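What follows is a set of notes on a single structure, which appears directly below.
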Amino acid sequence: MNDVYLDLREQAFLITQQDIGVYLENNEQVFAAIVDIPIKGKVATMFCTFDGTVSLYNSNRRCDIGLGNNEGIRKASLSFLVSSGQCLKFMDSYESKDIIEQCMQVFLFYKNGIKTQKICIDGLKTKEEKFLNFLIQNILSEIRKNQ
């Protein structure tokens with residue numbers, strides 16, 4: 001993996017609600033997300049926050065920063081952050097940020113920490129996995145439309 005990619009991904013894990021100026025009223029509100037997406041033997045990491053930041057870091061050195069400046073991408077990412085809070089109670093507690101190249105991995109940042117969920121596209125099992133995948137695919141569709 002590329003050092004620039006790994007550094008950007010590592011920085012994303014350091015985000016706090018104070019960094020983006022968000023006050024969370026309860027434990028079901030998500031203020032940021034990191035999504036590792038396997039793509040043909042490589043990994044792309046999408047990072048989005050409630051302040052409208054959206055970036056896509058690719059392990060092959062390409063980094064798209066500032067994608068949230070596009071209204072469609074920003075709206076899709078905010079919809080993801082607002083709606084994904086429904087899934088927190090079904091997700092695993094955060095233990096490791098290791099990259100899993102076989103499945104998509106979602107990290108949701110909320111008031112009490114980080115929750116995580118692996119999503120293997122060929123085996124979507126729960127309605128929460130399907131819902132998270134749907135929201136993520138909406139963002140990726142907007143990104144593809146605007147590149």
Problem set entry | Amide H contacts under 5 Å for Gln29, placed H, 5+ residues apart | Lys111
Problem set entry | Listed residues Phe50, Phe13, Phe107, most fluctuating in the chain (Gaussian network, C-alpha, under 10 Å) | Phe13
Seminar exercise, completed: Sorted largest first, the Cα spans of the chain on the principal axes come out in Å as 38, 34, 28
For this session: Name the most mobile residue of Glu128, Glu28, Glu71, meaning the one with the largest mean-square fluctuation, in a Gaussian network model of the chain with Cα contacts below 10 Å.
Result: Glu71
Exercise. Can you flag which of Lys115/Lys145; Lys97/Lys130; Lys42/Lys97 are past 24 Å Cα-Cα?
Worked result: Lys115/Lys145
Problem set entry | For segment 80-137, projected area of the alpha-carbon convex hull averaged over all directions, nm² | 4.0
For this session: Specify whether the C-alpha gyration tensor of segment 55-112 places it in the rounded, prolate or oblate class, a ≥ b ≥ c being the square roots of the eigenvalues: rounded for a/c under 1.5, otherwise prolate if a/b is larger than b/c and oblate if not.
Result: oblate
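Coordinate-derived values only; no laboratory data. All values reported here derive from a predicted model rather than from experimental measurement.
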